[in-house]
Structures are given as structure tokens and as C-alpha cells.
1. Could you look through the stretch 31-65, keep only residues that are modelled with pLDDT of 95 or more and among the β-branched types (Val, Ile, Thr), and pick out the one that is farthest from Lys11 (Cα to Cα)?
2. Filter the stretch 1-22 for residues that are under 18 Å from Lys112 (Cβ atoms) and not in a strand (DSSP E or B) and give the result.
3. So which residues in the stretch 41-74 are in a helix (DSSP H, G or I) and more than 15 Å from the chain's Cα centre (by Cα)?
4. Of the residues in the stretch 11-26, how many are in contact with a Cys (Cβ under 9 Å, 6 or more places away or on another chain) and surrounded by fewer than 16 Cβ atoms within 10 Å (Cβ to Cβ)?
5. Starting from the stretch 104-127, take each residue that is modelled with pLDDT under 70 and list its partners that are surrounded by 24 or more Cβ atoms within 10 Å (Cβ to Cβ), counting only C-beta distances under 9 angstrom and pairs at least six apart or across chains.
6. When you go through Ala38, Ala29 one by one, which is the residue that is in contact (Cβ under 8 Å) with a residue 24 or more places away in the chain, under 15 Å from the mean Cα position of the chain (by Cα), crowded, with 18+ Cβ neighbours inside 10 Å and not in a strand (DSSP E or B)?
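The values are calculated or read from the model by the stated rules, or taken from the named source; none is laboratory data. Nothing here was measured: the structure is a model prediction, and the numbers come from that model. Neighbour counts run over all protein chains shown; Cβ positions are idealised from the backbone, glycine included.
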Amino acid sequence: MRLASIDVGLKRIGIAICLNGSIVLPQDAILRKNRKQAARDVNAFLKEWEIEKLIVGIPLDAASSEEMEKRIKHFVSLLELNIPVIYQDEQSSSLEAKELTQGLFRHKKDGKIDSIAAKIILERYLV
């Protein structure tokens with residue numbers, strides 16, 4: 001089954017895919033200009049890769065988790081999906097992504113960290 005995960009942020013959406021059930025690969029993040037553009041770009045990505053299930057990172061038990069959960073679910077509602085959507089705890093995935101890549105590349109705001117966080121979210125789902 002072809003899986004994808006997204007880490008929805010206010011400025012970037014990290015994306016990772018798993019095409020064979022075991023190896024998860026981060027993809028180029030989507031830079032958000034506005035919700036409609038970001039939803040269009042995510043839809044195009046899912047169609048291009050023929051994704052069969054979408055895993056969405058959602059913060060559980062964080063101080064601002066309720067507000068972010070609403071924002072994330074609203075964003076997912078903008079997607080044109082005919083595939084199952086599974087919500088997976090993303091707690092500390094961005095922090096973990098930063099720690100994993102410390103010293104490997106400069107942490108810029110290009111979305112690499114966001115896509116590595118999406119990779120972590122998808123790996124958690126697969127475990």
C-alpha cells in the first residue's frame with residue numbers, strides 16, 4: 001500500500017512517503033502561501049504518487065494541541081480525498097527531527113525539518 005504522511009504547519013507542510021511498507025522517504029516540503037494553494041499542492045502530490053492512505057500528524061497532550069488539532073483537521077477537510085485518513089500523534093516529532101539532523105545541514109526554513117518530522121510520524125504509524 002502506498003502511504004504518505006503530512007506534518008501540517010502554519011508556514012510549511014512536511015511530506016513523507018512509503019511505497020513498499022517499510023522504507024519511509026522524506027519529500028520536498030510544501031511552502032504555504034495560503035490554505036487553498038497548500039491544499040491544491042498536497043492534492044497534486046497525493047495524486048501524482050497514487051497514495052492510498054494519508055497519515056496526518058496531530059499533537060496530542062500538548063499545551064496548544066486543541067487549537068492546532070482544529071487547524072489541522074480544517075486543513076484536511078480542504079483536501080479532495082477519496083482515501084482513508086489516519087491521525088497519528090506527532091508529539092515532539094519536529095524536535096526529534098532537529099536532533100537527528102544536527103550537524104548534517106544548516107537548519108533553514110526550507111521545509112527539510114518538516115519533512116523529516118513527517119517521516120518520523122509515518123514511521124510511528126508503521127510500528
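1. Going through the qualifying residues, I end up with Ile51.
2. Selection gives Gly9, Leu10, Lys11.
3. Lys47, Glu48, Ser65, Glu66, Glu67, Lys70
4. The total comes to 1.
5. Listed by first residue and then by second, the contacts come to His107/Ile113; Asp110/Ala29.
6. Unique residue meeting the criteria: Ala38.
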